[in-house]
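Visitor: One structure is given below, represented as structure tokens, and several questions about it will come after.
FYI, it's all coordinate maths here, none of it is from the lab. Remember, predicted model here, so these are calculated numbers, not experimental data. All Cβ positions, glycine included, derive from the backbone under ideal geometry; neighbour counts span all protein chains shown.
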Amino acid sequence: MSRKKIADMTQAERVEAAATIADIRERLGISQQELSDATGISRQTISNIERGATRPNSKSLEKIFEALGVSDAPEFDAATEKWLVMVGTLVERIPAQRRQKAMDSTMHYLALSVGADIKDFVLAASEADHDKESEAQETQP
């Protein structure tokens, strides 16, 4: 998420975005305290934001998402975000042994729907992953 996008969010959109924080943090293996240390936001406030007990302001969300490494995520409109959440939920419910085949078929169909070859998307994703790995190696002491 870009800073501009977060700053332009309505209060309801910020609450919706905040609902993803715990999931992202847990997937990265980061504790609330580690996130607190990285952002300068108290652990209790982070806990409150994750539970929906506190409505986050845009500056807090910017700091949190930046610390979680999602500050450069592509911007999607609200309707696309909802589709992504639904698809992600379905993907996670597919048994692991069938997931790759299901996703390959789905990605192929979606690529055909926009008149593209799936290879173009796979190549772009691979390049993005490689760029992230290179950046991570450059920042390590």
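Visitor: Add +1 for every Lys or Arg and -1 for every Asp or Glu among the other residues with Cβ under 10 Å from the Cβ of residue 49, and state the total.
Guide: Residues near residue 49 contribute +2 overall.
Visitor: Which whole-percent values make up P(r) of segment 18-90 when all C-alpha to C-alpha distances are grouped in 5 Å steps starting at zero?
Guide: Cα pair-distance distribution for segment 18-90, in percent: 3, 16, 25, 26, 17, 10, 3, 0.
Visitor: For the pair residue 30 and residue 54, what calculated FRET efficiency results from E = 1/(1 + (r/R0)^6), where r is the Cβ-Cβ distance and R0 = 25 Å, to the nearest 0.05?
Guide: Step by step, r from the Cβ atoms, then E = 0.85.
Visitor: Provide the gained length on full extension for the span residue 107 to residue 84, in nm with one decimal, where the gain is 0.36 nm per separating residue minus the Cα-Cα distance.
Guide: Full extension of this stretch gives 7.0 nm more.
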